[in-house]
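Would you mind keeping the following structure in view while I ask a few things?
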Amino acid sequence: MADIIIGRQQIFDQKLNIYAYELLFRGDDFDLNHKDGATQATNQVITDTILEVGLNTIVGPHKAFINFTTQNILDKTPLHLPKDRIVIEVLENVEIDSRIVANLKELSKLGYIIALDDFVFSEEWKPLVEFADIIKLDIMEMGESKTRELISRLKPYNVQLLAEKVETYAEYQYLVELGCDYFQGFFFNKPNIVSGKRISVNQSAAIQLLNTVNNPDVEFEDLTKIISLDVGLSYKLLHYINSAFFSLPNKISSISHAISYLGLKEIKRWINILTLASLSNKPEAVMQNALIRGKMCEELASLTGNKSDNFFLIGILSNLDSLLDIPLDEAISQLPLADNIVSAILHKEGLGGEALKCVISYEHWDISSISFKDIDQAIIGDTYIHSINWAKDVMGNIK
């Protein structure tokens with residue numbers, strides 16, 4: 001694949017199920033701020049994702065929002081893509097004229113979904129509002145007062161509203177009340193901290209299990225006993241190990257057999273995954289994100305020749321605040337983690353902290369901070385794609 005890195009950002013519906021992903025892309029041989037470069041970038045991301053990477057690999061069964069420039073629309077580039085899988089996102093800097101309106105109207109009649117990005121009401125955009133399907137509102141740029149005003153102005157039109165740059169649950173809640181249909185931003189991956197909230201009995205038991213499993217002195221026999229006493233965990237673990245994910249030649253029927261087959265390190269990993277998955281009723285995307293972080297941290301460590309044992313744990317536990325809705329330092333303090341793991345998670349210190357910082361920078365599409373040791377950015381992009389797929393396979397088997 002060419003030296004291009006691809007990212008994605010979740011778009012949720014009102015129930016916080018994933019509706020779609022916006023595709024993000026960056027390469028060395030074009031400048032997204034330059035008109036011709038941006039056109040080249042969109043053409044290249046289409047080629048890379050559809051022909052080389054595969055749309056399913058990046059967005060699964062969901063739709064992909066793809067930014068299209070003036071030239072892309074004039075060239076009718078979206079016609080090369082399946083209308084049931086993509087959303088044509090018209091950038092705010094597209095120069096609106098009769099040809100653009102005619103081409104977008106033609107694409108709309110053919111069944112393509114049209115979204116208008118960073119929308120500001122003006123006369124030149126009014127013809128597009130008449131047939132657009134989705135309008136994206138930059139609520140950070142507009143603020144609450146202007147957002148309310150624009151939503152009120154759009155009420156007569158048959159459009160769905162997508163609020164982007166939603167950073168808190170409070171913002172998400174008021175936007176739901178205003179009638180927004182979709183939401184994009186990092187609010188879902190932040191703890192919804194409520195003063196005086198206590199951890200539930202089930203969460204407390206799960207944390208106790210994590211506490212025991214991650215104790216560096218835990219022995220084979222201890223793990224066998226802990227898992228065997230927890231009927232639900234025993235069932236999940238055996239069901240999971242016998243799933244297609246592992247493709248084992250013979251069925252494993254006992255916990256001791258499972259531990260001896262997989263080894264202490266792997267069995268601890270899967271107990272962590274299954275326990276964290278049971279911790280919360282948060283959107284599936286939160287657990288998926290934790291898995292992507294864990295796997296990507298581990299792969300970055302492997303690429304630099306470092307022992308990757310703790311890197312997975314650092315990545316997956318960095319999302320514990322989102323799963324429990326309590327501050328991260330409070331969540332981490334309840335586990336018997338080594339000081340270097342704690343400092344990596346809380347302060348991004350040490351090699352594990354550097355890897356986690358790189359992963360979170362990728363997640364937030366902070367391009368200038370996507371670096372780890374001397375690994376090429378395109379290779380870091382590849383680890384992200386691998387991690388997405390690994391997480392997707394894991395999630396498919398723990399539901």
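Return the residues of the stretch 196-210 that are at pLDDT 75 or above and more than 27 Å from the chain's Cα centre (by Cα); say none if nothing qualifies.
208
Taking residue 161, is it assigned to a helix (DSSP H, G or I) and either on the phi < 0 side of the Ramachandran plot or not assigned by the TED database to the domain that holds residue 12 (or both)?
Considered against the rule, which asks whether it is assigned to a helix (DSSP H, G or I) and either on the phi < 0 side of the Ramachandran plot or not assigned by the TED database to the domain that holds residue 12 (or both), residue 161 comes out as no.
Would the stretch 240-253 turn up any residue that is among the basic types (Lys, Arg) and under 15 Å from residue 278 (Cβ atoms)? Give the derivation first.
So in the stretch 240-253, the residues among the basic types (Lys, Arg) come out as 251.
Keeping just the survivors that are under 15 Å from residue 278 (Cβ atoms) gives none.
No, there is no match, as no residue in the stretch 240-253 is among the basic types (Lys, Arg) and under 15 Å from residue 278 (Cβ atoms).
Now a separate question. Go through the stretch 368-398 residue by residue and tally those that are within 24 Å of residue 269 (Cβ to Cβ) and either in a helix (DSSP H, G or I) or not assigned by the TED database to the domain that holds residue 298 (or both).
Within the stretch 368-398, the subset within 24 Å of residue 269 (Cβ to Cβ) is 372-373, 375, 379-380, 382-398.
Now restrict to residues that are either in a helix (DSSP H, G or I) or not assigned by the TED database to the domain that holds residue 298 (or both): 379-380, 382-398.
Residues meeting the conditions: 19.
Which of the residues belonging to the stretch 87-134 are among the hydroxyl-bearing types (Ser, Thr, Tyr) and either over 16 Å from residue 69 (Cα atoms) or touching a strand residue (DSSP E or B) at 6+ places or on another chain (Cβ under 8 Å) (or both)?
Applying the first criterion (among the hydroxyl-bearing types (Ser, Thr, Tyr)) to the stretch 87-134 yields 98, 108, 112, 122.
Matches in the stretch 87-134: 108, 112, 122.
If you check residue 70 against the conditions, is it crowded, with 16+ Cβ neighbours inside 10 Å, out of contact with any strand residue (DSSP E or B) (no Cβ under 8 Å at 6 or more places or on another chain) and hydroxyl-bearing (Ser, Thr, Tyr)?
Criteria met by residue 70.
Could we say that residue 193 is at pLDDT below 80 and open to solvent by 50 Å² or more (accessible area, probe 1.4 Å) here? Steps first, answer last, please.
On the way: at pLDDT below 80: yes; open to solvent by 50 Å² or more (accessible area, probe 1.4 Å): yes.
Considered against the rule, which asks whether it is at pLDDT below 80 and open to solvent by 50 Å² or more (accessible area, probe 1.4 Å), residue 193 comes out as yes.
Further question on the same structure: Tell me, which residue of the stretch 260-272 that is among the aliphatic types (A, V, I, L, M) and surrounded by fewer than 21 Cβ atoms within 10 Å (Cβ to Cβ) is farthest from residue 210 (Cα to Cα)?
Step by step, filter the stretch 260-272, then rank; the result is 262.
If you scan the stretch 113-134, which residues turn out to be touching a residue at least 12 places away in the same chain (Cβ under 8 Å), assigned to a loop (DSSP other than H, G, I, E, B), open to solvent by 20 Å² or more (accessible area, probe 1.4 Å) and not charged (D, E, K, R)?
120, 121, 131
Yes or no: the stretch 350-368 includes at least one residue that is farther than 23 Å from residue 22 by Cβ and surrounded by fewer than 17 Cβ atoms within 10 Å (Cβ to Cβ).
Taking every residue of the stretch 350-368 in turn, at least one turns out to be farther than 23 Å from residue 22 by Cβ and surrounded by fewer than 17 Cβ atoms within 10 Å (Cβ to Cβ).
Being assigned to a helix (DSSP H, G or I), surrounded by fewer than 16 Cβ atoms within 10 Å (Cβ to Cβ) and either on the phi < 0 side of the Ramachandran plot or among the small types (Gly, Ala, Ser) (or both) narrows it down to one of 228, 243, 247, 253, so name that one.
Numbers: 243 fails: assigned to a helix (DSSP H, G or I); 247 fails: assigned to a helix (DSSP H, G or I); 253 fails: assigned to a helix (DSSP H, G or I).
Being assigned to a helix (DSSP H, G or I), surrounded by fewer than 16 Cβ atoms within 10 Å (Cβ to Cβ) and either on the phi < 0 side of the Ramachandran plot or among the small types (Gly, Ala, Ser) (or both) holds for just one of 228, 243, 247, 253, which is 228.
Determine whether residue 90 is at pLDDT below 95, under 28 Å from the mean Cα position of the chain (by Cα) and open to solvent by less than 20 Å² (accessible area, probe 1.4 Å). It would help to see each step written out before you state the result.
Details: at pLDDT below 95: yes; under 28 Å from the mean Cα position of the chain (by Cα): yes; open to solvent by less than 20 Å² (accessible area, probe 1.4 Å): yes.
In short, yes.
List every residue pair whose Cβ atoms lie under 8 Å apart, where the two residues are 6 or more positions apart in sequence or sit on different chains, the first residue falls within the stretch 170-187 and is in contact (Cβ under 8 Å) with a residue 24 or more places away in the chain, and the second residue, located anywhere, is among the polar types (S, T, N, Q) and in a helix (DSSP H, G or I).
175/147; 178/147
Another question about this same structure. Is it the case that the stretch 345-360 has a residue that's of a type outside the set (Asp, Glu) and under 20 Å from residue 275 (Cβ atoms)?
Here is the first cut: in the stretch 345-360, the ones of a type outside the set (Asp, Glu) are 345-348, 350-353, 355-360.
When the remaining residues are screened for being under 20 Å from residue 275 (Cβ atoms), the result is 345.
Within the stretch 345-360 (the criterion being of a type outside the set (Asp, Glu) and under 20 Å from residue 275 (Cβ atoms)), the answer is yes, since at least one residue qualifies.
Continuing with this model, one more query. Could you please tell me which pairs satisfy a Cβ distance under 9 Å, a separation of 6+ or placement on different chains, a first residue in the stretch 145-156 that is without any contact (Cβ under 8 Å) to a residue 60 or more places away in the chain, and a second residue that is of a type outside the set (Val, Ile, Thr) and open to solvent by 70 Å² or more (accessible area, probe 1.4 Å)?
Pairs found: none.
The values are calculated or read from the model by the stated rules, or taken from the named source; none is laboratory data. Source: prediction; values computed, not measured. Methodologically, a virtual Cβ is constructed for each residue, glycine included, from the backbone with ideal geometry; neighbour enumeration extends over all protein chains shown. Ligands, DNA and RNA are stripped out before the accessible areas are found, and what is left, the full protein with its side chains, is counted by its heavy atoms. Shrake-Rupley method; radii C 1.70, N 1.55, O 1.52, S 1.80 Å.
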